[in-house]
Amino acid sequence: MPQLNSPDFFNSSSLLNDEEILIQNTARQWVEKEFNPIVVEHYRAGTFPMDLRFKLGEMGFFGANLPEKYGCAGINNIAYGLIMQELERGDSGLRSFASVQGALVMWPIHEYGSESQKEYWIPKLASGEKIGCFGLTEPDYGSNPGGMITRARRDGDSYILNGAKMWITNSPIADIALIWAKNEDGIVEGFLVERGTPGFETPEMKGKLSLRASITGEIILNNCRIPAENKLPGIKGLKGPLSCLTQARYGINWGVIGAAMACYEEALDYSKTRIQFDKPIAAFQLTQQKLSEMILEITKAQLLTLQLGRLKDAKTMEHYHVSMGKMNNVRMALDIARSARTILGANGIVDEYVSLRHANNLESVLTYEGTHEMHTLIVGETITGISAFRV
Amino acid sequence: MKIVVCIKHVPDTETKIVIVDDGKSINSNGVKYILNPYDEYAVEEALQIKEANEESEVVAISVGDDSTQSSIRSALAMGVDRGTLLKTGNFALVDPFSVAKILAEEIKLESPDIILTGKMSIDAYGSQVPGLIAELLELPVVNLARDIVLSEGKATVKRDIEGGSETLITTLPAVISAEKGLNNPRYPALKGIMQAKKKPLEIKEINLDETDVEIIELTYPKQKPAGRIVGNSADAAVELVKLLRQEAKVI
């Protein structure tokens, strides 16, 4: 039987088909050859390797679970998840790049766009010719996006957008932004705003200590006039952006397992060759406990997330399933990254090793796309029937 | 132009091999198998020839068991048009001559313009199959190709030799085996992987004749002996040089 090219303590390979495994193997090979050798220089410089956009497109990694009709690969959600796992094994910034493009821009255009929007945008986004970003979060509205201030006012055949978005992955390098704004009735709607539109600015946010190999920016909309047909016709209300986030969070569920695996594999290797007191540190009970806890948590996350994928393919996945997965997996990955760093000792603080870079990245992942706290409250609301945060 | 590529399903180099109790075969449970890396160069070369010559077809042929299908699918995902599995009972025990005979019979049916293989498989290190196929088909063979140019029914092949390289020209059809560096094999893109499912993979049951060569024993490589520390002071350098010269005989 073909096998996953990753830690697989409970033989989850046997729960996957040949195609899913071939896709995982391919994605791992690709990341190891094309991305891992250059990630550190970009992390130090605070840049994203932009020439990879076309290579990612060629491989089919953008919106891979969308239909072939629009130039996508049409793979199932398990295989899609395994790609996210392998991209994030490289760096959370790489997975974020693909997540935003696929789940937050291509997916909503596919789900809520007009046929002409789909035919025009999806193939260009799939190939990497165009880069997209997703504008929902605002400086004063993070966990509570329903309070957004950004407005869209109809004016003849146009909409005029005003407002500001913040913490937007890829905004400074995007060709197209999906902006969520309230119309004159206070209803949230989605608008496609192309770069070059007067009144559309995307300053980069500097000084990040996390996700450094990923570009983050603001979006400033100052009387930004767009054609009325740039509105996504198929959705009204906050469930639009929230449904996109469910897609992206699904990818995070898988992605962070990849980051955890990278740290576990690094710590395991290191512990077997690092000698202290005349024996490898892997021989010490404290190290073995750390490593055992890591593989235990990775294995649990693998099985949890595989079931999540099966639910998604069966179209029975609910947003609270994704919330529970994100709660478990991101915290698990962050714990493993920190624990791996302790096994690496002083070596663990230099960027020759991956664990601290992953730990730093995972601080962002713990917070973005719904904070750990919000997902806890979503699960709480689901089991008690009482919302702790809705007014 | 029709191109046949002969491929093999082999254990990944990073796999830990376990010899089973009979001492003649390995335990394939938990072993990760891949498309032989040298055969990947052959597949890539075939695809490049196909891309440069309209109406070409690339066929991958492999001798193996059911699990071999995954390596054929990998080749299909890279862009090979169809595959044939020549399925044998106990694949692990098949000797190179038997493999070559089975392959040659199948290649005859395909009557290709060119036959490409890897220079060897990374599990058995036999390097015999390309030459044996060529002999059985009465075709020329060129091994260890680093560059292949086709024109007017001939192939110009560059290969490395001791201290330099040599360029040969051969009539076609011919068997050419690929050396590392012939090209840069492509990754199977997702679309290719999805299309591979729909491509034909024919399975033919093969009855093996008695083989002339059989494996008597498999053993693990010798364990490296533990290192020895000669001393910690500057004087130890003298002792070390002496031992390297007289005992280890490496300088």
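Among the numbered criteria (1) buried (at least 18 other Cβ atoms within 10 Å of the Cβ); (2) in contact with a Leu (Cβ under 6 Å, 6 or more places away or on another chain); (3) under 23 Å from residue A:244 (Cα atoms), which one does residue A:334 miss?
That leaves (3) as the condition not met.
Can you tell me how many residues within region B:25-46 are over 21 Å from residue B:133 (Cα atoms) and under 21 Å from the mean Cα position of the chain (by Cα)?
Residues in region B:25-46 being over 21 Å from residue B:133 (Cα atoms) and under 21 Å from the mean Cα position of the chain (by Cα): 8 in total.
How many residues, within region A:266-290, are closer than 24 Å to residue A:5 by Cα, touching a helix residue (DSSP H, G or I) at 6+ places or on another chain (Cβ under 9 Å) and either part of a strand (DSSP E or B) or not β-branched (Val, Ile, Thr) (or both)?
9
Going residue by residue through region A:215-227, is there one that turns out to be in a helix (DSSP H, G or I), of a type outside the set (S, T, N, Q) and either without any contact (Cβ under 8 Å) to a residue 24 or more places away in the chain or touching a helix residue (DSSP H, G or I) at 6+ places or on another chain (Cβ under 6 Å) (or both)?
No; the residues of region A:215-227 include none that is in a helix (DSSP H, G or I), of a type outside the set (S, T, N, Q) and either without any contact (Cβ under 8 Å) to a residue 24 or more places away in the chain or touching a helix residue (DSSP H, G or I) at 6+ places or on another chain (Cβ under 6 Å) (or both).
Go through (1) over 30 Å from residue B:50 (Cα atoms); (2) touching a residue at least 12 places away in the same chain (Cβ under 8 Å) and name the single condition residue B:250 misses.
Single failed check for residue B:250: (2).
Take region A:111-131 and flag every residue that is within 18 Å of the chain's Cα centre (by Cα) and more than 14 Å from residue A:193 (Cα to Cα).
A:125, A:126, A:128
Give me the pairs: first residue in region A:14-26 and on the phi < 0 side of the Ramachandran plot, second residue of a type in the set (Gly, Ala, Ser), beta-carbon distance under 6 Å, and six or more apart or on different chains, which are they?
Partner pairs satisfying both residue conditions: A:18/B:70; A:20/A:79; A:23/A:79.
Any idea which of (1) open to solvent by less than 10 Å² (accessible area, probe 1.4 Å); (2) within 12 Å of chain B (Cβ to nearest Cβ) is the one residue A:34 doesn't satisfy?
(1)
Which one of B:152, B:166 is more than 29 Å from residue B:94 (Cβ to Cβ), modelled with pLDDT of 95 or more and surrounded by fewer than 18 Cβ atoms within 10 Å (Cβ to Cβ)?
Of B:152, B:166, the one residue that is more than 29 Å from residue B:94 (Cβ to Cβ), modelled with pLDDT of 95 or more and surrounded by fewer than 18 Cβ atoms within 10 Å (Cβ to Cβ) is B:166.
With the structure loaded, tell me whether residue A:59 is farther than 24 Å from residue A:267 by Cα, modelled with pLDDT under 95, outside the structural domain of residue A:245 (by TED's automatic domain parsing) and not acidic (Asp, Glu) or whether it fails that test. Break it down stepwise before answering.
Numbers: farther than 24 Å from residue A:267 by Cα: yes; modelled with pLDDT under 95: no; outside the structural domain of residue A:245 (by TED's automatic domain parsing): yes; not acidic (Asp, Glu): yes.
No; evaluated as a whole, the condition is false for this residue.
Which one is farthest from the other protein chains (Cβ to nearest Cβ), of the residues in region B:193-204 that are under 22 Å from the mean Cα position of the chain (by Cα) and either of a type outside the set (Lys, Arg) or assigned to a helix (DSSP H, G or I) (or both)?
Looking at the filtered set, the residue picked out is B:202.
Looking only at region A:148-156, decide whether some residue is under 18 Å from residue A:243 (Cα atoms), buried (at least 17 other Cβ atoms within 10 Å of the Cβ) and either among the aliphatic types (A, V, I, L, M) or modelled with pLDDT under 95 (or both).
Yes, that holds for at least one residue.
Taking the options A:329, A:347, A:360, name whichever one is open to solvent by less than 10 Å² (accessible area, probe 1.4 Å) and of a type in the set (S, T, N, Q).
On the way: A:347 fails: open to solvent by less than 10 Å² (accessible area, probe 1.4 Å); A:360 fails: open to solvent by less than 10 Å² (accessible area, probe 1.4 Å).
That would be A:329, the only listed residue that is open to solvent by less than 10 Å² (accessible area, probe 1.4 Å) and of a type in the set (S, T, N, Q).
Tell me which of these residue A:180 doesn't satisfy, since it passes every other one: (1) among the aromatic types (Phe, Trp, Tyr); (2) in contact (Cβ under 8 Å) with a residue 60 or more places away in the chain; (3) open to solvent by 10 Å² or more (accessible area, probe 1.4 Å).
(3)
Under 7 Å between Cβ atoms, which residue pairs at least 6 apart in sequence (or on different chains) link something in region A:51-72 that is away from chain B (no Cβ under 11 Å) and over 17 Å from residue A:108 (Cα atoms) with a partner that is small (Gly, Ala, Ser) and buried (at least 24 other Cβ atoms within 10 Å of the Cβ)?
Hits for this filter: zero, empty list.
Mind counting the residues in region A:329-364 that are farther than 17 Å from residue A:92 by Cβ and either assigned by TED's automatic domain parsing to the domain that holds residue A:211 or not β-branched (Val, Ile, Thr) (or both)?
7
Can you tell me which residue is modelled with the highest pLDDT among those in region A:1-20 that are at the interface with another protein chain (Cβ under 8 Å from one of its Cβ atoms) and open to solvent by less than 40 Å² (accessible area, probe 1.4 Å)?
Looking at residues that are at the interface with another protein chain (Cβ under 8 Å from one of its Cβ atoms) and open to solvent by less than 40 Å² (accessible area, probe 1.4 Å), I get A:19.
Being away from every other protein chain (no Cβ under 14 Å) and of a type in the set (Asp, Glu) is the filter here; which residues of region B:66-125 pass it?
Selection gives B:81, B:95, B:105, B:106, B:110, B:113, B:123.
Are there any pairs, at least 6 apart or on different chains, whose C-beta atoms fall under 6 Å, with the first in region A:294-317 and without any contact (Cβ under 8 Å) to a residue 60 or more places away in the chain and the second of a type in the set (Ser, Thr, Tyr) and surrounded by 14 or more Cβ atoms within 10 Å (Cβ to Cβ), and if so, which?
A:294/A:264
Within region B:207-220, restricting attention to residues that are touching a residue at least 24 places away in the same chain (Cβ under 8 Å) and either buried (at least 18 other Cβ atoms within 10 Å of the Cβ) or charged (D, E, K, R) (or both), which residue is farthest from the other protein chains (Cβ to nearest Cβ)?
For region B:207-220, the residue satisfying everything is B:212.
The values are calculated or read from the model by the stated rules, or taken from the named source; none is laboratory data. For clarity, every value in this text was computed on a predicted model and none was experimentally measured. With ideal geometry, Cβ positions are generated from the backbone for all residues, glycine too; neighbour counts draw on all protein chains shown. For the accessible areas, the whole protein counts, side chains as well, though only heavy atoms, and no ligand, DNA or RNA atoms are used. Shrake-Rupley method; radii C 1.70, N 1.55, O 1.52, S 1.80 Å.
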